[in-house]
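Asker: After the structure tokens below, expect a handful of questions from me.
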Amino acid sequence: MLGGRVAAALFLAVASAAALAGCVPVVCAGAAPALHAPANDTAPAATPMAFSADGRLMLVMQADPPCLVVWHAEHDVPVHTITPATRDGRIAARVAALRTAVLRRSFIVAPADLPELWEISYDPKAEEIYDGLVHDYRLGEGVPRRGYLGLRRTALPEPLADFVLDEDEAEAWGLAPPPPAGSGEGQVINLDVRRRVAVEPAARMQAAMQALRDSRDLRARGAQAQAAVQMRAPSPLADLAQKRSASRPWPCAAPKVPGP
């Protein structure tokens, strides 16, 4: 299933290496930048973060209390909070991985130790969310929730320890935690049908994930080299990332636990 796309990613990485040699490395497009908190005995070393493609929004996983906070970069204010919980009320105290899906205009979140994958769309025209099977939407079943900055869940057989998005951003390619916490196998999750569609050997998935990261890094380095000849003002997003710290917690409403 992954053979053709993995081969293409590897080919792109090798073919582009010579042309991009000597460029300054930058963070991959799908990577979650880290924000360092003030040094003390209680604050975490870093806070998982991701940035929207247009640079306007930033998603932060706050540790205490556990809360996903969407920040407006220009105004340095929170615009939305999301309780990081499953439908039955289990709360994720941390995230295993947090990525930006540029083409989908959304954030993708893998909560640590919970068998779900979350998508949070920052597209104002995002479709409404139905917490059920895909046919709920097609048949107009269930009670919808707002799509913009809403949490769209994908139930998984086991949690993810890490993941990347494929080139089309239709799938998340990830790894389950190693035994005894998980199977350690490669997981292929389709983000449109919202379910796992394949299981791959760990070594094969690790190679595929690295190939995707390498190809994105090479493209990002090429874009940075092209932009380096232009003088640009400091980004307000970079300034905000420097100012944010774990010492500024925001409350997150308690999740509503469904009845029996």
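The values are calculated or read from the model by the stated rules, or taken from the named source; none is laboratory data. Being a predicted model, the structure only gives us computed values, none of them experimental. Neighbour counts are summed over all protein chains in view; Cβ atoms, including those assigned to glycine, are modelled from backbone coordinates with ideal geometry. Heavy atoms of the whole protein, side chains included, go into the accessibility calculation; ligands, DNA and RNA do not. Shrake-Rupley method; radii C 1.70, N 1.55, O 1.52, S 1.80 Å.
Asker: When R216 is evaluated against the numbered criteria (1) farther than 29 Å from E127 by Cβ; (2) in a helix (DSSP H, G or I), which criterion, by number, is the only one it fails?
Answerer: (1)
Asker: Output yes when any residue across segment 178-187 is open to solvent by less than 50 Å² (accessible area, probe 1.4 Å), under 15 Å from the mean Cα position of the chain (by Cα) and among the polar types (S, T, N, Q), and no when none is.
Answerer: Checked segment 178-187: no residue is open to solvent by less than 50 Å² (accessible area, probe 1.4 Å), under 15 Å from the mean Cα position of the chain (by Cα) and among the polar types (S, T, N, Q).
Asker: Say whether the condition of being assigned to a strand (DSSP E or B) and modelled with pLDDT of 90 or more is met by at least one residue in segment 86-95. Steps first, answer last, please.
Answerer: Start the filter on segment 86-95 by keeping residues that are assigned to a strand (DSSP E or B), which leaves 91, 95.
This time we only want the ones that are modelled with pLDDT of 90 or more, so: 91, 95.
Yes, some residue in segment 86-95 is assigned to a strand (DSSP E or B) and modelled with pLDDT of 90 or more.
Asker: When segment 156-196 is examined, which residues are found to be within 21 Å of T86 (Cβ to Cβ), touching a strand residue (DSSP E or B) at 6+ places or on another chain (Cβ under 6 Å) and in a strand (DSSP E or B)?
Answerer: D162, F163, A172, G174, L175, Q187, I189, N190, R196
Asker: Open to solvent by less than 10 Å² (accessible area, probe 1.4 Å), touching a Gly at 6+ places or on another chain (Cβ under 9 Å) and at pLDDT below 95: does that describe I108?
Answerer: No, not satisfied.
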